[in-house]
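Participant: Before anything else, here's the structure in question.
The values are calculated or read from the model by the stated rules, or taken from the named source; none is laboratory data. Worth saying up front: this structure is predicted, and the values here are computed from it rather than measured. Cβ placement follows ideal geometry from the backbone for every residue including glycine, while neighbour counts extend to all protein chains displayed.
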Amino acid sequence: MATMPMSRPLTLEDFEAIRGAADDGHRYELIDGSLIVTPSPSRTHQRVVTRLAMLLGQTNPEPARFEVLVAPLDVRLSELTTVQPDAVVLLDDDDPVPLLALEVLSPSTRHFDVGLKRSRYASAGIAHFWVVDPDAPSLTAWELREGRYVVAAEAVGDQTVTVPTPWPVTITPASLTRRS
């Protein structure tokens with residue numbers, strides 16, 4: 001097992017060594033040189049991620065241009081920050097920064113998703129950031145304007161909202177969590 005340095009932030013090399021030695025089903029992310037380890041997602045969490053990815057894929061206006069992918073997928077935001085959004089929309093193979101980062105909240109990730117990761121996504125220039133809270137259930141979609149996220153769309157429970165960007169998608173948060 002790799003050891004963590006005690007007197008400095010972790011580097012990408014440290015991160016890869018630690019994560020490479022672990023095979024425990026946890027999610028490993030590096031934020032500002034700090035290792036973040038969270039448990040594997042719940043069934044409800046994965047249901048929401050899958051349904052959103054499918055919805056984005058079905059409504060994708062230009063599949064040759066936009067690609068919808070789900071975690072685990074490393075998104076390197078800086079030398080000290082590598083994250084795994086629950087889902088992303090990538091513009092093309094040449095741009096490593098997603099057009100959209102999507103996070104589904106869990107008790108173990110809520111603080112990181114809406115706090116640290118949100119601020120790092122804004123700093124990296126990710127144009128769209130969506131958060132789904134399966135407990136509410138709710139959806140908040142933010143759009144990056146002048147370096148800050150502003151709310152582009154919101155819905156709770158059985159409310160239906162059309163998120164305008166990165167392309168129009170109509171979502172009812174409660175339908176994302178229900179077993180069908």
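Participant: Hey, Ala53 hits all of (1) in contact with a strand residue (DSSP E or B) (Cβ under 7 Å, 6 or more places away or on another chain); (2) modelled with pLDDT under 95 but one; which does it fall short on?
Facilitator: Exception for Ala53: condition (2).
Participant: Within region 26-37, is there a residue that is touching a residue at least 24 places away in the same chain (Cβ under 8 Å), closer than 19 Å to Asp133 by Cβ and touching a Ser or Thr at 6+ places or on another chain (Cβ under 6 Å)?
Facilitator: The answer is yes; a qualifying residue exists.
Participant: Quick one: is Glu103 at pLDDT 85 or above, under 20 Å from Pro134 (Cβ atoms) and not in a helix (DSSP H, G or I)?
Facilitator: Taking the combined requirement at face value, the residue satisfies it.
Participant: Next question, about the same structure. Taking the stated definitions as given, is Ile31 on the phi < 0 side of the Ramachandran plot, β-branched (Val, Ile, Thr) and at pLDDT below 85?
Facilitator: Here the answer is no, as Ile31 does not meet what is asked.
Participant: Here is a further query. Please find, within region 140-164, the residue that is nearest to Val104 (Cα to Cα) out of those that are buried (at least 16 other Cβ atoms within 10 Å of the Cβ) and among the hydroxyl-bearing types (Ser, Thr, Tyr).
Facilitator: Filtering first and then ranking leaves Thr140.
Participant: Every residue in region 143-163 that is in a strand (DSSP E or B) and either of a type in the set (A, V, I, L, M, F, W, C) or under 10 Å from Pro173 (Cα atoms) (or both), please.
Facilitator: Once the filter is applied, which keeps residues that are in a strand (DSSP E or B) and either of a type in the set (A, V, I, L, M, F, W, C) or under 10 Å from Pro173 (Cα atoms) (or both), region 143-163 yields Leu144, Val150, Val151, Ala152, Ala153, Glu154, Ala155, Val156, Val161, Val163.
Participant: Which residues, counting only those in region 38-66, are surrounded by fewer than 17 Cβ atoms within 10 Å (Cβ to Cβ), in contact (Cβ under 8 Å) with a residue 12 or more places away in the chain and not in a helix (DSSP H, G or I)?
Facilitator: Listed by number, the residues that qualify are Thr38, Pro39, Ser40, Ser42, Pro61, Arg65.
Participant: I'm checking my understanding of the structure. Among residues of region 121-139 that are touching a strand residue (DSSP E or B) at 6+ places or on another chain (Cβ under 7 Å), in contact (Cβ under 8 Å) with a residue 40 or more places away in the chain and surrounded by fewer than 21 Cβ atoms within 10 Å (Cβ to Cβ), which one is nearest to Glu67 (Cα to Cα)?
Facilitator: Checking each candidate, the answer is Ala124.
Participant: Please go through region 161-180 and pick out each residue that is within 14 Å of His128 (Cβ to Cβ) and at pLDDT below 95.
Facilitator: Scanning region 161-180 gives Pro164, Thr165, Pro166.
Participant: Also, I was wondering about something else. Pull up region 126-176, narrow it to residues that are under 17 Å from the mean Cα position of the chain (by Cα) and of a type in the set (Ser, Thr, Tyr), then point me to the one that is nearest to Leu56 (Cα to Cα).
Facilitator: Per the stated criteria, the residue is Thr165.
Participant: Only residues in region 155-174 that are without any contact (Cβ under 8 Å) to a residue 24 or more places away in the chain and at positive phi count as the first member; pair them with residues that are surrounded by 12 or more Cβ atoms within 10 Å (Cβ to Cβ) and of a type outside the set (A, V, I, L, M), Cβ under 7 angstrom, at least 6 apart or cross-chain, and list the lot.
Facilitator: Going by the 7 Å Cβ cut-off, the qualifying pairs are Gly157/Pro137; Gly157/Pro173.
Participant: Does Thr140 satisfy the criteria of being polar (S, T, N, Q) and in a strand (DSSP E or B)?
Facilitator: Taking the combined requirement at face value, the residue satisfies it.
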